[in-house]
Each structure stands twice: as structure tokens, then as C-alpha cells.
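Each remark here refers to the structure printed beneath this line.
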Ligand code: HMG
């Protein structure tokens with residue numbers, strides 16, 4: 001499917017509006033755990049976590065935060081750009097929903113004091129839910145040019161203390177405003193999506209922690225990437241050389257790298273290689289270097305499920321901003337925490353309008369989609385880069401026992417009443433105060 005003009009009954013060609021991401025930002029809890037500390041506490045070589053898995057830190061949510069408060073917090077910086085006459089939908093993609101029936105979008109809608117004249121819904125398909133929401137938003141705006149849609153992808157990834165998945169936990173939300181003539185990225189009409197019922201990861205409604213067939217899930221991720229990439233490249237007559245960068249769903253930062261390598265090592269006979277057109281050395285270096293940029297935030301936050309792909313996109317854009325546009329007197333521009341590993345010694349050149357970014361979305365269960373987005377002129381001035389890095393740098397580091405206590409004190413999946421902790425509230429603009437008689441009570445602070 002290409003982005004061609006459509007014919008009206010009168011045979012006058014209509015140019016479809018340019019639709020995409022007008023603004024994009026994220027929120028994450030103000031506490032984190034070092035993965036070195038976690039490895040030592042679990043009797044594991046820290047290099048396994050920091051190199052083998054590729055995680056340095058993990059966001060830990062205090063029990064007054066859930067996907068509602070994180071989602072509202074993520075959307076807050078977008079409020080000045082939301083026109084209440086144009087906003088038509090609030091769509092939350094999540095797999096950590098707080099109710100099996102009521103949409104979290106309604107709680108967020110109230111906390112943000114949005115217009116009543118909107119459609120509020122929640123969508124679910126594991127980590128793919130954020131992309132489902134984004135595509136629904138894009139399609140709506142294509143049919144209703146002038147409309148705005150607020151898309152929120154919010155999750156808390158919980159596997160359990162001492163489990164193999166523990167190192168990949170995380171928490172956060174990405175908020176995107178979708179409109180015509182977007183200021184950051186135009187979403188192209190070129191996507192390929194595949195669904196296949198598999199049992200690689202799931203979470204029964206009665207429990208707060210996920211169940212995963214770890215190794216099997218990583219194999220399914222790579223297989224689905226190869227499948228959608230091969231079909232995408234055939235349908236759109238393109239190859240990796242046509243992309244300036246490719247962002248991946250990042251359950252942990254090594255995962256996308258495995259898939260990217262599978263794509264780059266085509267025809268190599270490697271166990272998980274995708275077949276495809278030859279990739280030039282320049283492309284290989286560029287995609288690996290840009291991959292490192294796209295993983296900087298996830299390396300410090302962990303898996304945020306539905307938002308992970310979009311956190312990677314923000315990281316890609318912000319690190320380009322820090323390298324090329326930041327005033328060096330700003331502390332936020334200090335890239336010393338960035339890790340450009342041996343995988344990509346190259347410093348990428350500045351991103352330019354018109355360049356294409358590939359996006360690979362994977363949700364266990366499983367749905368996978370590959371699509372592209374094109375940078376629009378002036379995109380750098382629409383970012384929130386300095387705010388993002390300050391949020392990360394101002395977090396409080398926890399000890400392993402503080403993390404375990406917080407993990408075990410999360411609001412229960414049970415009918416009992418709950419009152420949240422007063423601790424670690426700095427920076428939080430919305431809190432879950434209590435659950436009384438099975439009703440959740442949120443407020444702004
Ligand atoms: P594990 O068994 O703890 O780890 O599980 P491992 O033994 O496979 O080792 C991991 C890597 O560390 C390996 O590298 C080791 O060689 C390396 P690889 O071969 O993979 O390149 N390693 C070391 N490196 C340096 N120094 C050392 C060292 N020791 C070992 N000393 C696993 C890891 C990811 C499976 C586990 O954490 C897990 O189950 N995680 C949860 C599931 C998951 O994240 N799956 C990813 C794909 S599914 C997905 O993306 C969807 C998801 O987001 C959910 C959704 O859609 O909703 C999860």
C-alpha cells in the first residue's frame with residue numbers, strides 16, 4: 001500500500017492529509033534501581049545484566065502510581081497544544097489496566113480536565129497496544145482532518161522478585177498527540193502487520209505479574225520481525241538502505257539488537273537471519289549507531305511494554321538533539337551517561353527532515369507490525385528533550401531492599417481497601433490516594 005492520491009467520484013484526485021505525531025513525550029516514576037546492585041543481590045555477574053541483557057537501571061513505581069497517574073503525567077506537557085474543540089479521542093494502550101471493564105482513559109480524561117465531547121477508550125494486545133492506538137488515531141484523523149487524538153501508552157512491567165524477567169521490569173508512559181500537519185513525524189501508509197496466536201507471554205486477570213516463556217518469546221520476536229520485514233520490503237520495494245534509523249520494541253535493549261542483527265546478517269546462514277537485499281556497510285554502521293541512540297532511555301527505565309517502541313523513538317530524537325542542537329552550557333546536554341558501545345563506534349550524522357525511520361512493534365501473543373514515519377521540517381523544535389533528561393537525572397536511587405519493599409506494597413489485585421504511601425511523591429502530579437470499597441480514588445497534587 002503506498003501513499004498515493006485517491007480518486008473521488010468526480011475523478012478529482014484528492015491528496016490525503018499528512019497525518020502523524022505532532023508532539024511526543026514520556027513520564028516515568030521518580031525512583032530507580034541500579035541493575036548492578038540487583039545483579040549482586042541475586043548472585044549474578046553484573047555484566048550479564050548490563051551487557052548480556054543491556055539494562056543499567058530500572059524505574060520503580062511507588063504505590064501511589066499506576067498506569068492512570070503515569071499516563072496523565074505523560075500527557076500533561078501536551079495540554080498547551082490540545083485544542084478542546086479539535087480533540088476527538090483519548091486512546092490508552094495498556095496491558096496493566098486497573099479495571100477489567102472501565103477504561104483507564106476515563107480516569108485520565110478527568111485528571112486532565114479534558115472536554116466531555118471526546119471518545120475515551122482503552123485498547124489491549126500486550127506491548128502492541130500502543131501501536132494499535134496510534135494507528136487508530138492516524139486513521140481517524142485521515143478521515144477527519146483537523147481532529148486531534150491523544151494517544152497514551154502506559155504500563156508497569158512486573159515479573160516478580162527473583163524471577164528471570166526481573167531485570168527487564170520497568171514503568172512509564174508515552175503520550176502522543178496525533179494530528180494532520182504534524183510537527184515531528186508523518187506516519188506513512190505502508191505498514192505490514194501480522195498476527196499469530198502463540199503462548200510466549202501472558203498475564204491472567206487475577207495476578208499482577210506476567211508469565212513468560214523467556215527464550216521462546218525472544219525467538220518469536222525475531223521470527224515475527226523477519227516475517228513482517230520481508231513482506232514490508234517486498235510490498236514497498238525497499239531495503240534497509242532506505243532507512244535512516246530503525247526503532248524496535250525494547251523489552252530490554254539487547255532484544256532489538258538481536259532482531260536488527262538478524263536483519264543485517266541476511267543470507268549469512270545465521271540461525272535467526274532474515275533473507276533480503278544486501279545492506280551496505282554504511283547502512284549497517286548507521287543503523288547500529290542510531291540503534292544505540294534509540295536505546296538510551298530504555299536502558300535507564302526498563303520495559304514499559306506498550307510505550308517501549310515510542311520511548312525508543314523519543315530517545316533516538318533526543319540524542320540527536322543533544323548532539324546537534326543543545327546549548328552546551330545546559331547540564332541536560334551532558335551525554336556522558338550515553339553508552340556508544342563497540343557495536344557502533346560511529347557518531348551518527350544529524351537527522352534531517354525527509355528522512356525515514358522504520359518502526360517495529362511487537363506484542364506477545366502475538367501481533368507484530370513494521371511501518372515507517374518521515375521527519376518533517378522543524379521537528380527538533382517540537383521536542384521535550386531537556387525535560388526528559390532532567391526527569392531521568394533527578395530520580396532517587398533505591399537500595400535493593402527498598403525496591404523489594406515497594407514492589408511488594410503495590411496496590412493489590414484483591415477487594416481489600418488500600419491507602420497509598422506518602423513517600424516518594426516529589427515530582428508526581430497525580431496520585432492514587434486510596435482504594436475504598438473497590439473504587440479507586442485519584443487526585444492531582
Ligand atoms: P536469562 O535466562 O536470565 O538470560 O533470560 P540468558 O541466560 O539467556 O542470558 C541473557 C544474555 O546474557 C545472553 O546473551 C547471555 O550470553 C548473556 P545472548 O545470547 O542473548 O546474546 N550473558 C552474559 N553477558 C555478559 N557477561 C556475562 C553473561 N552471562 C550471560 N557474565 C530473558 C533472559 C530475556 C529471557 C528473561 O529476562 C525474560 O524472561 N524476560 C522476560 C521476557 C522478555 O522480555 N522477552 C522478550 C521478547 S517478548 C517481548 O518483547 C514482549 C514483551 O515486551 C511483553 C509484551 O508484549 O507485552 C516481553
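The values are calculated or read from the model by the stated rules, or taken from the named source; none is laboratory data. In this text, all values refer to a predicted model and were calculated from it rather than measured experimentally. Note: ideal-geometry Cβ built from the backbone for every residue, glycine included; neighbour counts use all protein chains shown.
Observations on the model:
- The sole residue among 137, 147, 175, 157 that is away from the ligand (no atom under 15 Å from the Cβ), touching a helix residue (DSSP H, G or I) at 6+ places or on another chain (Cβ under 6 Å) and within 23 Å of residue 27 (Cβ to Cβ) is 175.
- Filter pass, residue 137 being touching a strand residue (DSSP E or B) at 6+ places or on another chain (Cβ under 9 Å) and in a strand (DSSP E or B): no
- Flag for residue 196 being within 16 Å of the ligand (Cβ to nearest atom) and within 30 Å of residue 88 (Cβ to Cβ): no
- Wholly enclosed helices (runs of 4 or more DSSP H) of the range 201-320 bearing at least 3 residues under 27 Å from residue 407 (Cα atoms): 214-235, 253-264, 296-301
- Selection of the range 160-171 for residues being in a loop (DSSP other than H, G, I, E, B) and within 13 Å of the ligand (Cβ to nearest atom) yields 160, 162, 163, 164, 165, 169.
- Of the residues 163, 168, the single one that is buried (at least 20 other Cβ atoms within 10 Å of the Cβ), out of contact with any strand residue (DSSP E or B) (no Cβ under 6 Å at 6 or more places or on another chain) and at pLDDT 95 or above is 168.
- Residue count, the range 89-117 (criterion: away from the ligand (no atom under 12 Å from the Cβ) and surrounded by 17 or more Cβ atoms within 10 Å (Cβ to Cβ)): 15
- Restricting the search to strands (runs of 3 or more DSSP E) fully inside the range 11-61 and requiring at least 3 residues that are touching a residue at least 12 places away in the same chain (Cβ under 8 Å) and buried (at least 24 other Cβ atoms within 10 Å of the Cβ) gives 19-27.
- Some residue of the range 121-130 being in a helix (DSSP H, G or I) and in contact (Cβ under 8 Å) with a residue 40 or more places away in the chain: yes
Per-residue answers, yes or no, for (1) within 16 Å of the ligand (Cβ to nearest atom); (2) buried (at least 17 other Cβ atoms within 10 Å of the Cβ); (3) within 19 Å of residue 307 (Cβ to Cβ); (4) modelled with pLDDT of 95 or more:
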residue	(1), (2), (3), (4)
354	no, no, no, yes
360	yes, yes, yes, yes
364	yes, yes, yes, yes
373	no, yes, yes, yes
376	no, yes, no, yes
382	no, yes, yes, yes
388	no, yes, yes, yes
392	no, yes, yes, yes
395	no, yes, yes, yes
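- Residue in the range 71-84 that is closer than 24 Å to residue 144 by Cβ, part of a helix (DSSP H, G or I) and out of contact with any strand residue (DSSP E or B) (no Cβ under 8 Å at 6 or more places or on another chain) present: yes
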